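Read-outs: derived from the displayed coordinates by stated rules, not from any lab. Note that this is a predicted model, so its numbers are computed, not measured. With ideal geometry, Cβ positions are generated from the backbone for all residues, glycine too; neighbour counts draw on all protein chains shown.
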Amino acid sequence: MELMEIYEAYDLTGCAWSAAQLVGCDPKTVQRYVAIRAAGGNPHAGVPRVKVIDAFLAKIEEKVDRSKGKIRADVVHKDLVTMGFSGSERTTRRAVADIKAAWKAGRRRVYRPWVPEPGMWLQWDWGEGPRIGERRTQLFCCWLAWSRFRVVIPAWDQTLGTLTACLDAALRTLGGAPTYLLTDNAKTVTVEHIARIPVRHPQMVELGRHYGCVVATCEPFDPESKGGVEATVKIAKADLVPTHTNLRAGYGSFAELEEACAAWGEHINGRRHRETHRPPVEMLAEERARLHALPAEPFVLALGEERLVRDDRTVRWGDVRYSVPPGHEGSTVWCRVHGEELVIVGRGLGSGLGGHVAASGGRHGRGGLKELWRHALSTPGRPRIVDAHYPEHGGGNGHKAPRPRPQTKAEEAFLAIGPGAEAWLIEAAATGVPRIRAKMARAVELAALLGTARVDEALGLAAIGGRFAEADLASICDHLARHARVGEQARADEIHSAQPGTASWAALRTTTSTTSMTGKGDRS
């Protein structure tokens, strides 16, 4: 029986008894449904039954309201039991869940979608980076809100000087500066709060003036102003920090981490964004028209004191010399002390030496700041010199092998034979061999007769074996002519020895002992 059939029969007859006869039901059923329709109710809704917990619902609402919807159902049940409630904990949990849902429905926070404008907002935040040699690193993550272009730069700490260098590198990677620089309320940006009003760090205010930007901080727990950059930090950490989920191998050096951040930026900015359906690198090309130009000089107030890199590739700090990576001779760098380390910051080079890799695939131009090196602080008389900063001096402070520099045509002709001739000359001079020039002339004559390849190989073997006599070179050349290749040198050992050894004595000793055991030793 359909409900609409009851209503149709009642509308036709106007009598509950007659309508019941037409549809085949009880007249009371017709009267009940007609009364519900007349009152504007829902005929399908059931009538709530009286429950044991109904007398305690007011107390539950009070507890949920006082706890701001945080109180647990088991805590409520214990209180209700002491008040005389005899129902089960399951009944209490259902009642608490319903009252919490009703309480949150009237207090739900509605977020207004944030629609960014081009050239307006740059957001940045920090994330914990991977460990390199048991040392912590930090990931400076920023994004341009309209184009969704992301930049990740690794660093060793979150100090004001490091933040200044990272911001300068990021802005020069983007090719301009926006109107606002938005970040969290870190100590490097916000000194304190007075009546919940953030007090800006004076040097951050100067940084904003230098780049023509307004440094702003977001409200705590505010997804409208901080959700984007926090998503950047989350994605960067998921891809760059070695975990069990991505199975990424550890980093052997800080340079490897920089290369990984650069590759990550190329990938993330080159793929289609799900919100705009366009790659961020394409949108950045449009947004650059709305960014204002950057000053030629970086902001250096927070970087420390200026120092000039000398021709020996060192700077002086506290009467101690500290080495600097190659490519910065004659340029100005900035030094500051952080803990027990001296931090040296300089400009990135146009050729890319020492510069951050831009997320768009290139490297930022000259003027971008980069941390060049960190030295442990030292005392006068104990300079900090790193061998890696002098790749052209591989020997360090040890003995340097002499390099032949021909001064006459005869010397040029001899050294032109090959590396074997150079090795022969160095070894012969170190040994004090007499008549070196005459033997060099003889080697040139043999090279003209036998070929430079054979004579060069012979000179190399002579240098290794220490054979510098008059006829040694010719003898080695004859040996090379008779044999296609040089075999292994024969060395005297037990295997090639001419001594017969004690094997026969061992056999005799075995025979003697056997004879004595049989009792025939006297007769033999």
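Of note:
- Within the shell of other residues whose beta carbon sits under 14 angstrom from the beta carbon of L308, the net charge comes to +1, with Lys and Arg scored +1 and Asp and Glu -1.
- Taking GluC sites (Glu not before Pro) across segment 275-319, the ones in a DSSP loop with at most 16 further Cβ atoms lying within 10 angstrom of their Cβ are E275.
- Burial ranking of peptide ranges 154-160, 461-467 (average Cβ count within 10 Å, highest at the top): 154-160, 461-467
- The antiparallel fraction among DSSP beta bridges confined to segment 121-290 stands at about 75%.
- A simple packing score, the average count of other Cβ atoms within 10 Å per residue, orders the peptides 409-415, 333-339 as 333-339, 409-415, with the highest score first.
- Gyration tensor (alpha-carbon) shape descriptor, segment 1-80, a/c threshold 1.5: prolate
- Segment 121-290 shape via C-alpha gyration tensor axes, a/c threshold 1.5: oblate
- Under the shape rule built on the C-alpha gyration tensor, where the axes satisfy a ≥ b ≥ c, segment 1-136 is oblate, since a/c reaches at least 1.5 while a/b does not exceed b/c.
- Per-peptide packing, taken as the mean over residues of other Cβ atoms within 10 Å, places 172-179, 4-11 in the sequence 172-179, 4-11 from highest down.
- Alpha-carbon centroids, segment 136-166 and segment 270-318: separation in whole Å: 11
- Counting only lysines at least 8 places from K237 when in the same chain, those with an alpha carbon closer than 21 Å to its own are K226.
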